[in-house]
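Student: A single structure is presented below for examination.
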Amino acid sequence: MKYSIRRQMLFIFILIMAGTIMLCWFLNKGFLGRYYLHNKQQMLETAYLNINEAASNGSIQSQEFKEELQRLCGTYDLSIVVIDADSKLVQSAGNDHDIMMTYLLDRVFVGTDMDYELIRETDHYVMEMAYAPQNGMTYIEMWGTLDNGNLFMSRSVMESIEESARIANQFLIYAGIFAAVVNGVLIWLITKKIADPIRSLTNISQRMAELDFDASYQGKEKNEIGVLGDHMNQLSDRLEQTISELKTANNELQKDIEKKEAIDEIRKEFLSNVSHELKTPIALIMGYAEGLKEGIDQDAENRDFYCDVIMDEAGKMNLMVKKLLTLNQLEFGNDVVNMERFDIRELIGGYLESADILIKQSGASVIFRETGHCYVWGDEFKIEEVFANYFSNALNYVSGRKQIHISLKKSEDKVRVSVFNTGDPIPEDAIPHLYEKFYKVDKARTREYGGSGVGLSIVKAIMDAHHQPYGVNNKNDGVEFWFELAAK
């Protein structure tokens, strides 16, 4: 690849390596001399502090201190001499202590022909750079007086910093070139281990772009590349799952389209049923109205009968239209279900009181002995519509002993409301269709009491909106309609 990460890493490494070598060369060139001089000064001060402490506590002439002083001088390339007020040697370490004694006395009392450059001066010592013309050597020296009055001198030879730095820089360049070549080869080999997994991930991503989800990363790395590989595998699985879900959704959409077409067919059937239901009352109204207009029968009682028929059929049409509007609102979600907690026993009792005239006209006996409160959750007005439909069906179809039993069965979190009427059972093949719009088991009887076949469809829509069960059961001597509501 033109922009291979392996080549980029090698190029970056070479740049860093070259930059590091150049930085080391610059630091050696500019700061090595200062660092070397500072280090020498630190060594002289350390030696002075140790000697002064030993002189103060009287251990300067002990064997232990002598050994410690020898180690110090051997480590830092120092020469040290200490003399008392009588110019007698107290302690020495390093080379040529006799020459150092003479040099110290001359430095203190007479002076020398050496050139000096003052570095630091305190009340106790002087630190200088000394240049010896006789041997061409340069020294860094410290001389002065200890706290106990003894004289001391310590010094160290200053090597040629410039020459040392030049040699060090020259070696650094050669060593750097060699290290760059060796490390370049190593980096080229190491980057292969890094680049291969990345190349593998690149190939996997390309296959994923082509919707090939069988590719998976098989590396065992525990670093970021391994984590990336795991994430790529997870991404592949999720993409495959998402595409599968999209295809499923597409199939569901196709089903929805088919369902819409089916709904259109139902709508056509609905219009046909409505037309059929309205055809008879409209024909009766037109016929009796024409009879009244033409004065077919001048008898007042017959005219009243004609008017009663017209009003009755118009009332049935009006009731059916209202129920159809209610059903339409429920089925299309335009009617909001207002959930509240109410007493279902009180609702049923109130409805039975209002329907007392209808009960007496039907000659049926209604049995409802529930006492005490029974609270449920639901839309109180819609639940009353459900009960009213069940109860009106029971009144219209009650026969035999002509009894209607209303019961409430409580469970832990449900209340079942049942409306049972004595009479003929419902044919088993008709039960699955009872809650369909305009379905009538006995069309003649339904016509007789003015039913439209919409009431149970309204029950279905209301209970579906409440997400609660409902149904019908044939009993030995009658039929039971029921629905359930949440008690908690």
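The values are calculated or read from the model by the stated rules, or taken from the named source; none is laboratory data. Predicted model only: the values in this text are computed from it and were never measured. No Cβ is skipped: glycine too gets one built from the backbone with ideal geometry, and neighbour counts run over all protein chains shown. Please note that ligands, DNA and RNA were not included when accessible areas were found on the heavy atoms of the full protein model with its side chains. Shrake-Rupley method; radii C 1.70, N 1.55, O 1.52, S 1.80 Å.
Student: Once a ≥ b ≥ c are taken as the square roots of the eigenvalues of the Cα gyration tensor of the stretch 99-151, is the result rounded (a/c under 1.5), prolate (a/b larger than b/c) or oblate (a/b not larger than b/c)?
Tutor: Details: a/c = 2.38, a/b = 1.47, b/c = 1.62.
Cα axes put the stretch 99-151 in the oblate bin.
Student: Heavy atoms only, probe 1.4 Å: what % of the accessible area of the stretch 63-192 goes to carbon and sulfur, would you let me know?
Tutor: Carbon plus sulfur share of accessible area: 56 percent.
Student: Could I ask something else about it? Go through Lys255/Lys460; Lys255/Lys475; Lys410/Lys460 and tell me which ones have a Cα-Cα distance over 29 Å in this structure. Write down the numbers at each step before the final one.
Tutor: Details: Lys255/Lys460 23 Å; Lys255/Lys475 39 Å; Lys410/Lys460 22 Å.
Violating the 29 Å limit, Cα to Cα: Lys255/Lys475.
Student: Let me ask another. Just by accessible area at a 1.4 angstrom probe, what is the order of Arg207, Arg369, Arg341 from largest to smallest? Please list the in-between numbers first.
Tutor: Values: Arg207 100, Arg369 190, Arg341 140 Å².
Largest accessible area first, the residues go Arg369, Arg341, Arg207.
Student: 7 Å from Cα along Cα→Cβ at both Asn476 and Lys409: what's the point-to-point distance in nm?
Tutor: Label at Asn476, label at Lys409, 1.6 nm between them.
Student: Next question. Step through the table entries Lys260/Lys382; Lys409/Lys488; Lys260/Lys437; Lys402/Lys437; Lys360/Lys402, compare each Cα-Cα distance with 20 Å, and write down the pairs that go over it.
Tutor: Values: Lys260/Lys382 28 Å; Lys409/Lys488 15 Å; Lys260/Lys437 18 Å; Lys402/Lys437 27 Å; Lys360/Lys402 12 Å.
Table pairs above 20 Å Cα-Cα are Lys260/Lys382; Lys402/Lys437.
Student: Over the Cα atoms of the stretch 1-140, each weighted equally, I'd like the Debye log10 I(q)/I(0) at q = 0.10, 0.18 Å⁻¹, rounded to two decimals.
Tutor: -0.50, -1.16
Student: With θ set to phi - 60° and the Karplus curve 6.51 cos²θ - 1.76 cosθ + 1.60, what are the ³J(HN,Hα) couplings of the stretch 235-246 in order, to the nearest whole Hz, using x for Gly and Pro?
Tutor: Here the 3J(HN,Hα) series is 4, 4, 5, 5, 5, 4, 5, 5, 5, 4, 5, 5 Hz.
Student: Can you tell me the relative contact order of the stretch 1-102? Whole percent, Cα pairs under 8 Å, sequence separation 6 or more.
Tutor: On the way: 55 pairs, mean separation 15.6, N = 102.
Relative CO of the stretch 1-102 lands at 15 percent.
Student: In nm, to one decimal, how far is the modelled label at Val108 from the one at Asn203, with both set 7 Å along Cα→Cβ?
Tutor: Here the modelled spin labels are 8.5 nm apart.
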